[in-house]
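Peer 1: Mind looking over this structure? Questions follow.
The values are calculated or read from the model by the stated rules, or taken from the named source; none is laboratory data. This one's a predicted model, so the numbers in the text were calculated from it and none came from an experiment. Note: ideal-geometry Cβ built from the backbone for every residue, glycine included; neighbour counts use all protein chains shown.
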Amino acid sequence: MPLRKDQIHMTIIQTIQEGVAQAVKALYGIEMPAEKVTLTPTRKEFEGDYTVVVFPFTKAARKKPDQIGEELGAYLADAVQEVSGFNVIKGFLNLVVNDAYWSAFLEGIYQDKGYGRHPANGQKVMVEFSSPNTNKPLHLGHIRNILLGWSTAQILDAAGYEVVKVQVVNDRGIAICKSMLAWQEYGNGATPATTGKKGDHFVGSFYVLFEQKFQEEYKAWQQSEAGQEAFSQWKRDEKAVAKAEKAIAEAARKAEGKAEREGKTFDPADFTLEKHFFGSVFKNTYFNAHSALGQKAKAMLLAWEAGDKEVLTLWSTMNGWVYEGFDQTYAKLGVSFDKLYFESNTYLLGKDAITEGLGKGIFYQKADGSVWIDLTDAKLDHKLVLRSDGTSVYITQDIGTAQERYKDFGVDKMVYVVADEQDYHFQVLFETLKRLGEPYAAGLHHLSYGMVDLPSGKMKSREGTVVDADDLVAEVVSEARANAQERDTLSALSKAEQEEIISQVGLSALKFFIIKVQPQKRMTFDPKESVDMQGQTGPYVQNAYVRVQSVLRKAAGGVDFGGAKAYGPLANIERELIGQLYAFPALIQEAAESYDPSGIANFCYDLAKNYHRFYHDHSILNAESAAAKSFRLMLSQAVANTLRTGMNLLGIEMPERM
RNA sequence: GGUCCCAUAGCUCAGUUGGAUAGAGCACCUGACUUCUAAUCAGGCGGUCGCAGGUUCGAGUCCUGCUGGGAUCACCA
């Protein structure tokens, strides 16, 4: 009788742990809870499935590890039905689980395409990701964000949560005004349609144009009397200069070290007081107080806030172009959202919460009218939540938006996928929401991730080293196309089917490359490696799945799983594969709890790797017996199901052939 | 100056609650397609797990200090 799935999963490890706890009590009089027994998967080079570490018992038992191992092993082999054998090596007790147990397990799951997924747990979670600004197209950094957000959402779904996927569109502010202004001044009425450009790229080009014009203006001003006067006036502030000199020396030291490591030239002329002053100290002041373009952009922002009709029309037109572009990119990446929050609707939210919190003494007001929260007892700082003129800041908005979302969906948890430069912001936000007594406060999580670097260093928009999302997708897909043409395995299919597969393969290379790295780590993105399709890559995993599909097709009419029971003994690689399948549901749970999809990616790779080896070493359709054939087909089917589920959790689709 | 993140092979990365001789891929070298798809498999080469202490039967993993890299500490978002 096949065991029920949920029964079979979590039990063998627990069964052994119980057995060990019982054994040490009977043999040595040691009382110990079963879950404290250290049980690890047996290393490949030894025989066995699970290993009991016996060192912890040496003291109480007053015996040598090897002897304890022998005694425990004998006890377990006798007392635990599933344990069919054991060996002791250097104080480690390796236990062999009998074939019948594994066969029954496999038979219980191989038909289940959703194997590994958990039943609904009644909880609701919101995942926020992507959240772009509308002034320029998506780039590589957004791709990491989107892939993390999407896969986390899929994983939470598989772990039993009801998931709501949202993004906040940062559609207002000075940035979009810059694009609008540049279009108004230099656009001559051009549109994405008249230029044949994708909408987000079109608008982004005007943002770049604004920055160019601004830089021209600023450079000229720096040489002017007013500019030099500002500089020399600042130089009289000894404290500021001393601080700047320190910062410059530090920056120069780092740049020099870096140049040396990478064999590049180091130019000390880049680290002068004047460059530092105009580059970082004074730039905002210039934009706000001196720049003609800055004045115009700010005037446009004010007009927008005042509801100026003409400005609003231009704003919604240009944002509309951007959304068309974003939608195409999202569609290509295969992601979607359940709800969009627009900053233009939410930027005024949160004030009520501040007023309310002020009444409760959670916030305090300074003489100038500004409102603050004191978080020093939470090892944070004092934080402004309302300006002295009564207007909101970023965090005010986030408080209001969180409340709004809770009203909309009543979620138990909220996950924010945002780069690690905002770690502090989210600490403050979550602590504040906690003090406000929000019902979801315990379920807040910032899925923080490291920046994406290029082999040449940081991406810098000013230096034009930003990797565009659309270009990147096009590149991996065209690489996949070239590979497919060379291999010529798809020629029997229609053009549309071929293109779909090519896109699936190319995207899997890109997605897998990014998602296999743990979120909190900075990662180096080498474009050359990202299009690799051999080795530890998405296509490698897809290929294992495709091999199964091919075998199943070839066995058509002759697929018979019925004889599997009679098969035995299992080969090591077969046991190993089943052991991996066995661990999958718990892995999903773990990935959900840690909000980290990278483990799923590495699992898929390991499973595919073992399957490739199995496939190479053992014939399936021409197996030595009918029983072996049935069993291996069953195993192949189960591996394919698991690979597909696992890769889908990463947002990667599996082709039937490639 | 305060706080946070990161450091494992030439490069990119894994490494379960602390467990055996620290693993993959790429690159480089050698071999395997008459055989279910070679986007594959097998073998070789490659390590002071940043440094120094500490806890432990046992430390890449936990604690402390240091070094290096990154971020952050706005009435910006």
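Peer 1: Check off (1) surrounded by 14 or more Cβ atoms within 10 Å (Cβ to Cβ); (2) at pLDDT below 90; (3) under 25 Å from A:Ala586 (Cβ atoms) for A:Thr58 and give me the number that stays unchecked.
Peer 2: For A:Thr58, the exception is condition (3).
Peer 1: I've got another one for you. Of these, A:Thr396, A:Thr346, A:Thr401, which one is surrounded by 15 or more Cβ atoms within 10 Å (Cβ to Cβ) and modelled with pLDDT under 95?
Peer 2: Numbers: A:Thr396 fails: modelled with pLDDT under 95; A:Thr401 fails: modelled with pLDDT under 95.
When all the criteria are applied, what remains is A:Thr346.
Per-residue answers, yes or no, for (1) assigned to a helix (DSSP H, G or I); (2) surrounded by 15 or more Cβ atoms within 10 Å (Cβ to Cβ); (3) of a type outside the set (A, V, I, L, M); (4) on the phi > 0 side of the Ramachandran plot:
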residue	(1), (2), (3), (4)
A:Arg172	no, yes, yes, no
A:Lys178	yes, yes, yes, no
A:Asn188	no, no, yes, yes
A:Thr194	yes, no, yes, no
A:Trp221	yes, yes, yes, no
A:Gln228	yes, no, yes, no
A:Gln233	yes, no, yes, no
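Peer 1: Follow-up. Return yes when A:Ser84 is among the polar types (S, T, N, Q) and over 30 Å from A:Asp338 (Cα atoms) and no when it is not.
Peer 2: Yes, satisfied.
Peer 1: A:Leu433: touching a Ser or Thr at 6+ places or on another chain (Cβ under 9 Å) and either of a type in the set (A, V, I, L, M) or exposed (fewer than 13 other Cβ atoms within 10 Å of the Cβ) (or both), yes or no? Before you say what the answer is, go through the steps one by one.
Peer 2: On the way: touching a Ser or Thr at 6+ places or on another chain (Cβ under 9 Å): no; either of a type in the set (A, V, I, L, M) or exposed (fewer than 13 other Cβ atoms within 10 Å of the Cβ) (or both): yes.
Taking the combined requirement at face value, the residue does not satisfy it.
Peer 1: Here's another thing I want to ask about it. Say whether the condition of being closer than 14 Å to A:Glu479 by Cβ, more than 8 Å from RNA strand B (Cβ to nearest atom) and without any contact (Cβ under 8 Å) to a residue 60 or more places away in the chain is met by at least one residue in the stretch A:532-553. Outline the logic, then answer.
Peer 2: Here is the first cut: in the stretch A:532-553, the ones closer than 14 Å to A:Glu479 by Cβ are A:532-534, A:537-539.
Within this subset, residues satisfying the condition of being more than 8 Å from RNA strand B (Cβ to nearest atom) are A:538.
Now narrow it down to the ones that are without any contact (Cβ under 8 Å) to a residue 60 or more places away in the chain: none.
No, every residue in the stretch A:532-553 fails to be closer than 14 Å to A:Glu479 by Cβ, more than 8 Å from RNA strand B (Cβ to nearest atom) and without any contact (Cβ under 8 Å) to a residue 60 or more places away in the chain.
Residues checked against (1) more than 9 Å from RNA strand B (Cβ to nearest atom); (2) under 20 Å from A:Ser131 (Cα atoms); (3) outside any helix (DSSP H, G or I):
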{"site": "A:Leu348", "(1), (2), (3)": "yes, yes, yes"}
{"site": "A:Asp352", "(1), (2), (3)": "yes, no, no"}
{"site": "A:Gly361", "(1), (2), (3)": "yes, no, yes"}
{"site": "A:Lys383", "(1), (2), (3)": "no, no, yes"}
{"site": "A:Gly400", "(1), (2), (3)": "yes, yes, no"}
{"site": "A:Val411", "(1), (2), (3)": "yes, yes, yes"}
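Peer 1: Okay, moving on. Look at A:Gly307 and say whether it is more than 16 Å from RNA strand B (Cβ to nearest atom), free of Cβ contacts under 8 Å to residues at least 40 places away in the same chain and not hydroxyl-bearing (Ser, Thr, Tyr). Explain how you work it out, then say what you get.
Peer 2: Working: more than 16 Å from RNA strand B (Cβ to nearest atom): yes; free of Cβ contacts under 8 Å to residues at least 40 places away in the same chain: yes; not hydroxyl-bearing (Ser, Thr, Tyr): yes.
Against the criterion (more than 16 Å from RNA strand B (Cβ to nearest atom), free of Cβ contacts under 8 Å to residues at least 40 places away in the same chain and not hydroxyl-bearing (Ser, Thr, Tyr)), A:Gly307 qualifies.
Peer 1: Let me ask something additional. Would you mind stating whether A:Ser636 is within 12 Å of RNA strand B (Cβ to nearest atom), buried (at least 23 other Cβ atoms within 10 Å of the Cβ), within 34 Å of the chain's Cα centre (by Cα) and modelled with pLDDT of 95 or more? Before you say what the answer is, go through the steps one by one.
Peer 2: Values: within 12 Å of RNA strand B (Cβ to nearest atom): yes; buried (at least 23 other Cβ atoms within 10 Å of the Cβ): yes; within 34 Å of the chain's Cα centre (by Cα): yes; modelled with pLDDT of 95 or more: yes.
Here the answer is yes, as A:Ser636 does meet what is asked.
Peer 1: Considering only residues that are surrounded by 15 or more Cβ atoms within 10 Å (Cβ to Cβ) and hydroxyl-bearing (Ser, Thr, Tyr), look in the stretch A:607-627 and name the one that is farthest from RNA strand B (Cβ to nearest atom).
Peer 2: Here the answer is A:Tyr611.
Peer 1: So which helices (runs of 4 or more DSSP H) are wholly in the stretch A:540-658 and hold at least 2 residues that are closer than 14 Å to A:Tyr110 by Cβ and among the aromatic types (Phe, Trp, Tyr)?
Peer 2: Once the helices (runs of 4 or more DSSP H) in the stretch A:540-658 are filtered for at least 2 residues that are closer than 14 Å to A:Tyr110 by Cβ and among the aromatic types (Phe, Trp, Tyr), what remains is A:572-594.
Yes/no matrix, rows are residues, columns are (1) closer than 30 Å to A:Thr152 by Cα; (2) of a type outside the set (A, V, I, L, M):
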residue: A:Ala571; (1), (2): no, no
residue: A:Ala583; (1), (2): yes, no
residue: A:Ile588; (1), (2): yes, no
residue: A:Ala608; (1), (2): yes, no
residue: A:Ile620; (1), (2): no, no
residue: A:Phe631; (1), (2): no, yes
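Peer 1: Quick one: is A:Glu421 out of contact with any Ser or Thr (no Cβ under 7 Å at 6 or more places or on another chain), near RNA strand B (Cβ under 10 Å from one of its atoms) and either within 27 Å of A:Asp596 (Cα to Cα) or part of a loop (DSSP other than H, G, I, E, B) (or both)?
Peer 2: On the way: out of contact with any Ser or Thr (no Cβ under 7 Å at 6 or more places or on another chain): yes; near RNA strand B (Cβ under 10 Å from one of its atoms): yes; either within 27 Å of A:Asp596 (Cα to Cα) or part of a loop (DSSP other than H, G, I, E, B) (or both): yes.
For A:Glu421, the condition - out of contact with any Ser or Thr (no Cβ under 7 Å at 6 or more places or on another chain), near RNA strand B (Cβ under 10 Å from one of its atoms) and either within 27 Å of A:Asp596 (Cα to Cα) or part of a loop (DSSP other than H, G, I, E, B) (or both) - is met.
Peer 1: Could you please find all residues in the stretch A:35-55 being farther than 18 Å from A:Gly85 by Cα and either touching a residue at least 40 places away in the same chain (Cβ under 8 Å) or surrounded by fewer than 16 Cβ atoms within 10 Å (Cβ to Cβ) (or both)? Steps first, please.
Peer 2: Here is the first cut: in the stretch A:35-55, the ones farther than 18 Å from A:Gly85 by Cα are A:35-38, A:55.
Selection gives A:Glu35, A:Lys36, A:Thr38, A:Phe55.
Peer 1: A:Tyr595 is checked against (1) in contact with a strand residue (DSSP E or B) (Cβ under 7 Å, 6 or more places away or on another chain); (2) within 12 Å of RNA strand B (Cβ to nearest atom) and fails just one. What number does that condition carry?
Peer 2: With respect to (1) in contact with a strand residue (DSSP E or B) (Cβ under 7 Å, 6 or more places away or on another chain); (2) within 12 Å of RNA strand B (Cβ to nearest atom), A:Tyr595 is out only on (2).
Peer 1: Now for a different question. Any chance you could count how many residues in the stretch A:442-464 are at pLDDT 90 or above and assigned to a strand (DSSP E or B)?
Peer 2: Counting residues in the stretch A:442-464 that are at pLDDT 90 or above and assigned to a strand (DSSP E or B) gives 9.
Peer 1: Being modelled with pLDDT under 95, buried (at least 16 other Cβ atoms within 10 Å of the Cβ) and within 28 Å of A:Gln580 (Cβ to Cβ): is that true of A:Ser103 here?
Peer 2: Details: modelled with pLDDT under 95: yes; buried (at least 16 other Cβ atoms within 10 Å of the Cβ): yes; within 28 Å of A:Gln580 (Cβ to Cβ): yes.
Yes; evaluated as a whole, the condition is true for this residue.
Peer 1: Right, here's the next one. If you go through the stretch A:74-114 one residue at a time, how many are under 16 Å from A:Ile16 (Cα atoms), within 12 Å of RNA strand B (Cβ to nearest atom) and of a type outside the set (A, V, I, L, M, F, W, C)?
Peer 2: The qualifying residues number 2.
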